[in-house]
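**Q** Just dropping this structure here.
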Amino acid sequence: MGIAPEIRTPQQDATLDTTDKPTRIRGDYLTLRWSLMGCLVYVGFGLGGFAGLAGFMPPPAEHLNAAGIAGYFHDRGISLSIGMVMLAFGGPFYYLWSAVLSRIISRIEGPMGVLSTVELLGGLLTAWITVMSAIIWLTASMRPESRSPETIQTLYDLGWIFFDVTFAFTSLQLLGLGFAILRDKRQAPLIPHWVAWLGFLTAATNVALVLMPFFETGPFAWQGLISFWAVFGLFFLIIGVVTPYAWKALRRLEAEDLTAAG
Amino acid sequence: MAALTTDQAAEPETRWKIPGIEGVWVLMAGDMVIFALLFGSFMSARMKDPGTFEVARHTLDFDRGGINTLLLLTSSWCVAMSLHAMRAERREVAVRWLGFGILGGFGFAVSKVLEYSAEISAGHTAGSGDFFMYYFMMTGIHLVHVLVGTLVLSVFWVRWRSGREVRGLTGFESAAVFWHMVDLLWIVLFPLLYLVR
């Protein structure tokens with residue numbers, strides 16, 4: 001017996017293929033559905049930590065001086081730290097969601113299609129940006145009694161620059177998703193074509209974040225109407241719109257695969 | 001032709017169809033909401049400091065603003081005429097109208113760049129207070145829309161002029177609708193920045 005892997009003959013494999021195929025297909029799609037729901041963890045822990053416990057809704061303003069920002073971190077204390085731990089925990093679940101979209105896209109494009117990879121990598125990097133920003137803000141919130149206000153301000157600035165100026169990863173992910181949706185030539189597309197245009201709008205709105213380092217007040221500051229409310233509002237809107245359609249797409253693809261398997 | 005006949009059979013002629021690609025309307029609706037947020041934000045900032053905004057407004061070139069408005073309105077009209085001609089299967093006429101429409105877009109862009117250059121030479125930049133931040137950012141974002149629109153219209157112009165077969169007008173309708181939105185946004189931007197006292 002031991003720990004050696006079970007070796008099957010090609011004949012045994014062929015038998016397994018025909019008898020267990022529907023079971024395997026159902027298993028695959030069950031995993032895909034669970035992974036898609038990863039977005040609930042991302043949004044729940046992300047918003048709970050970022051907005052709820054850290055109180056970054058809106059965040060302390062870009063024009064605040066070092067004492068103002070350090071004061072906020074001192075006042076918020078442990079709840080800000082817990083909020084950032086939650087954000088860092090929730091971040092990676094975004095790539096689970098993206099991995100499912102990547103699989104759906106791979107069914108739309110051909111085997112050499114690059115959009116599914118763009119979707120997956122964009123998701124992974126967006127998750128990484130979320131986690132890294134949370135870690136930087138968490139560092140700023142630790143040992144507040146021994147950190148100078150200038151250090152806290154520098155870390156806080158760094159977190160925001162990391163969070164905002166890296167928008168191109170997410171925009172490319174959304175462009176990949178949008179072009180894939182438009183390439184779907186089924187009579188009833190897996191995801192409606194208008195969703196692609198909502199993705200393009202979100203990707204284009206993100207570009208406003210390039211202005212963030214240059215304006216400490218107004219709509220383009222990191223707490224501003226465009227750079228914060230419009231950009232993040234659209235980001236969560238696209239997650240909320242895509243997820244139910246992706247769920248339905250999985251059901252259709254599962255039915256197609258089960259029919260093909262006999 | 002056969003496909004067209006089948007489509008017509010499926011959809012009664014009385015049924016109204018939104019011009020262009022549906023999704024482009026979603027994009028434009030969102031775009032207009034974002035501009036509306038900017039307009040509201042500008043008005044709110046103006047109410048807090050009307051004196052400074054009024055002084056800054058007087059440094060703008062009203063005549064150039066008016067000329068730009070005329071350029072965009074005329075360009076929009078030319079694009080509408082082009083679509084009209086295309087629907088009547090008068091391709092050469094459509095190409096000519098579209099060419100004039102594109103020239104209007106280029107004219108607007110060149111005029112805007114000259115205006116920016118004059119403002120910057122006078123020492124006004126996006127960092128010279130709230131009014132100029134809004135002025136440069138809102139007109140700058142609008143200019144990006146003008147450039148995108150001009151580029152898209154130019155693609156249609158090149159394709160039509162090359163004599164390539166035209167498969168439906170949905171794509172061009174979308175471009176034309178987008179171009180009208182660019183026009184509409186300027187019609188709000190112009191009075192907001194240049195005229196409102």
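Just so you know, all these numbers are worked out from the coordinates, no wet-lab data involved. On a predicted model such as this, the values are computed, not experimentally measured, just so you know. As a convention, Cβ positions derive from the backbone with ideal geometry for all residues, glycine included, and neighbour counts pool all protein chains shown.
**Q** Just rank B:E173, B:E54, fewest to most, by other beta-carbon atoms within 10 angstrom.
**A** Working: B:E173 19, B:E54 13.
With the sparsest Cβ surroundings first, the list reads B:E54, B:E173.
**Q** Taking θ = phi - 60°, what integer Hz values does the Karplus form 6.51 cos²θ - 1.76 cosθ + 1.60 yield along the stretch A:56-67, in sequence order, with x for Gly and Pro?
**A** 7, 9, x, x, x, 5, 5, 7, 5, 7, 4, 5
**Q** Still on this structure, please answer the following. Where the only charges are on Cβ atoms (+1 Lys, Arg; -1 Asp, Glu), what is the dipole of chain B about its Cα centre, to the nearest 20 debye? Please report the intermediate quantities before stating the final value.
**A** On the way: 16 positive and 17 negative charges, 67 e Å.
The calculated dipole for chain B is roughly 320 debye.
**Q** If contacts are Cα pairs under 8 angstrom and at least 6 residues apart, what is the relative contact order of chain A in percent? Show your work: numbers first, answer last.
**A** On the way: 350 pairs, mean separation 53.4, N = 262.
With pairs under 8 Å counted, the relative contact order is 20 percent.
**Q** Along the positive direction of the dipole of the stretch A:35-257 (beta-carbon charges: Lys, Arg +1; Asp, Glu -1; about the Cα centre), which of A:S116, A:T217, A:H63 reaches farthest?
**A** The one lying farthest along the dipole's positive direction is A:S116.
**Q** Placing unit charges on C-beta atoms (Lys and Arg positive, Asp and Glu negative, everything else neutral), compute the dipole magnitude of the stretch A:35-257 about its Cα centre in debye, rounded to 20. List each step's numbers first, then the result.
**A** Details: 11 positive and 13 negative charges, 128 e Å.
Once rounded to the nearest 20, the dipole reads 620 debye.
**Q** Using a Gaussian network model of chain A whose springs link C-alpha atoms within less than 10 Å, name the residue from A:L250, A:L47, A:L225 with the highest mean-square fluctuation.
**A** Looking only at A:L250, A:L47, A:L225, the largest GNM fluctuation is found for A:L225.
**Q** Tell me, what is the FRET efficiency for B:V144 and B:L184 to the nearest 0.05, using R0 = 25 angstrom and their Cβ-Cβ distance as r?
**A** Working: r = 16 Å, r/R0 = 0.64.
The value I calculate is 0.95.
**Q** Given R₀ = 35 Å, FRET efficiency for A:E216-B:L73 by Cβ-Cβ distance, to 0.05?
**A** FRET efficiency, A:E216 to B:L73: 0.40.
**Q** Still on this model: How far is helix A:93-108 tilted, in degrees, relative to the longest principal axis of the Cα atoms in chain A, given as a value from 0 to 90 rounded to the nearest 10?
**A** 40 degrees
**Q** Near B:K48, which lysines are there with a Cα under 22 Å away, not counting those fewer than 8 places off in the same chain?
**A** Cα-Cα hits under 22 Å: none found.
**Q** Further question: Which of the helices in chain B, when you take each full DSSP H run, stretch at least 18 Å along the axis at their Cα atoms and have an average Kyte-Doolittle score of 0.0 or higher? Walk me through the intermediate numbers first.
**A** On the way: long enough: B:22-48 (40 Å, 1.14); B:62-87 (38 Å, 0.60); B:91-121 (45 Å, 0.68); B:130-161 (45 Å, 1.11); B:170-190 (30 Å, 1.36).
For chain B, where a helix must reach 18 Å along its axis and average at least 0.0, the hits are B:22-48, B:62-87, B:91-121, B:130-161, B:170-190.
**Q** Moving on. Give the shape of the protein assembly as shown as rounded, prolate or oblate, defined through the alpha-carbon gyration tensor: a ≥ b ≥ c are the square roots of its eigenvalues, a/c under 1.5 means rounded, and otherwise the shape is prolate if a/b is larger than b/c and oblate if not. Write out the running numbers ahead of the final one.
**A** On the way: a/c = 2.82, a/b = 1.11, b/c = 2.54.
Verdict is oblate for the protein assembly as shown.
**Q** Next question, about the same structure. Specify the angular offset, from 0 to 90 degrees and rounded to the nearest 10, of the alpha carbon long axis of helix A:115-141 from the longest principal axis of the alpha carbons in chain A.
**A** 30 degrees
**Q** So, counting K/R as plus one and D/E as minus one, what does the shell of residues with Cβ under 15 Å around A:P213 add up to? Working shown, then result.
**A** Details: positive: none; negative: A:E62, A:D157, A:D164, A:E216.
Taking every Cβ under 15 Å from that of A:P213, the sum is -4.
**Q** Once phi is turned into ³J(HN,Hα) by the Karplus curve 6.51 cos²θ - 1.76 cosθ + 1.60 with θ = phi - 60°, what whole-Hz value does each residue of the stretch A:39-48 show in order, with x for glycine and proline?
**A** Karplus-based 3J(HN,Hα) across the stretch A:39-48 equals 5, 5, 5, 4, 5, x, 6, x, 5, x Hz.
**Q** Across the stretch A:196-201, in residue order, what do the Karplus-derived ³J(HN,Hα) couplings come to in whole Hz, using 6.51 cos²θ - 1.76 cosθ + 1.60 with θ = phi - 60° and x for Gly and Pro?
**A** Couplings: 4, 5, 5, x, 5, 4 Hz.
**Q** How many angstrom separate the Cα center of the stretch B:93-159 from the Cα center of the stretch A:70-138?
**A** So the two Cα centres are separated by 36 Å.
**Q** Which residue, B:W157, B:W16, B:W179, tops the fluctuation ranking in a GNM of chain B built on C-alpha contacts under 10 Å?
**A** Sorting by GNM fluctuation, first place goes to B:W16.
**Q** Pick from B:S111, B:S41, B:S75: which residue has the top mean-square fluctuation in a GNM of chain B where Cα pairs under 10 Å get a spring?
**A** B:S41
**Q** How would the stretch A:35-257 be classified by its alpha-carbon gyration tensor: rounded, prolate or oblate, with rounded meaning a/c under 1.5 and the a/b versus b/c comparison settling the rest?
**A** On the way: a/c = 2.75, a/b = 2.04, b/c = 1.34.
Cα axes put the stretch A:35-257 in the prolate bin.
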